[in-house]
Amino acid sequence: MKTNRTKLLWSAAALSFVLAAAPLGAQQPDQEQILRLAGQIRKKIVTLNNYSVFDHITFGLKHGASGGYVVVVGGYASRPTLKKSISRVVGKIESVESVVNQIEVLPTSGHDEDIRFATYAKIYGHPALSRYNPNRGTPIYGLHRRVALGISNDPPLGPHPIHIIVNNGHVTLEGIVDTESDKTIAGLQANSVSGVFSVTNNLQVLQAPKKKK
C-alpha cells in the first residue's frame, strides 16, 4: 500500500515550482506563505478536469508591484482548453496579481496521437509498472475506443505518476516513480514504441539507491 507521502508526491508529479529571487532591499517573502500559495496553485491545476497524463505544467512566482505575486506558468498542454483553464483558476487565487501563461499547446497530429496511445499502453501495461496505473482494473486494450477521437481528447482518468509528453514524435517522461529500476523500464518501454524519434527520461526516483556495503 502506498503511503500518504507517496500519493502527495504523485499528485504533483508533473508540476514543478520555482520562486524568483527578491530584488535587493526588498522585504524577504514569508516562506510559509510561499509554500501555502504554491500548494494552492498545484491543487487548482491537478484537479482541473482537462489536466491529464499527457500534460506537464511548471510554474514560478515573482513579486508583483502591489505586494502580491505574479505567477509564470509554463510547460506543455495536450489541449488548448487546459492552457485557458489554468489562467482562469490560478488568476482567482488570493494574493495572485496576474498570470503570465507561457504554456505550449502540443500537436495533435495522428502520428503524435498514435504515439501517446502506444506509449501509455507500453508503460502502464507493463507488469512491473502496472501498479502505477489508477485504472489497472480496466484492460489496456479497452483504450482503443479512445483512438477515434484522439486519446488526448479522451485521456485515461485518474492521477498518473508518469506523465507522457509527445511533441512531434519526441517523447519526454515526467513525474515520480518508486525505484531506479522503474525509471529504466519506463524509458525502455517508451523507446520501443514505433515512430518515436527520441525519448527524454526526466522521471524522479522516490527511493534513493541502497549503498553497497
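The values are calculated or read from the model by the stated rules, or taken from the named source; none is laboratory data. Note that the structure is predicted; figures quoted are calculated from it, not measured. Reconstructed Cβ throughout: ideal geometry from the backbone, glycine too, with neighbour counts over all protein chains shown.
For the range 58-89, which residues satisfy the criterion of being hydroxyl-bearing (S, T, Y) and within 15 Å of the chain's Cα centre (by Cα)? Can you show your working first?
Let us first name the residues in the range 58-89 that are hydroxyl-bearing (S, T, Y), namely 58, 66, 69, 76, 78, 81, 85, 87.
Across the range 58-89, the qualifying residues are T58, Y76, S78.
Given the condition under 18 Å from the mean Cα position of the chain (by Cα), in a helix (DSSP H, G or I) and closer than 17 Å to A38 by Cβ, answer yes or no: does some residue in the range 90-109 qualify? So that I can check it myself, show each step before the final result.
Within the range 90-109, the subset under 18 Å from the mean Cα position of the chain (by Cα) is 90, 101-108.
Filter again for in a helix (DSSP H, G or I), leaving 90.
Filter once more, keeping what is closer than 17 Å to A38 by Cβ: 90.
Among the residues of the range 90-109, at least one is under 18 Å from the mean Cα position of the chain (by Cα), in a helix (DSSP H, G or I) and closer than 17 Å to A38 by Cβ, which makes the answer yes.
Condition test on S66, is it small (G, A, S) and free of Cβ contacts under 8 Å to residues at least 40 places away in the same chain?
Numbers: small (G, A, S): yes; free of Cβ contacts under 8 Å to residues at least 40 places away in the same chain: yes.
So S66 fits the description; yes.
When the range 146-202 is examined, which residues are found to be more than 21 Å from P127 (Cβ to Cβ), at pLDDT 95 or above and among the charged types (D, E, K, R)?
Listed by number, the list holds a single entry, E174.
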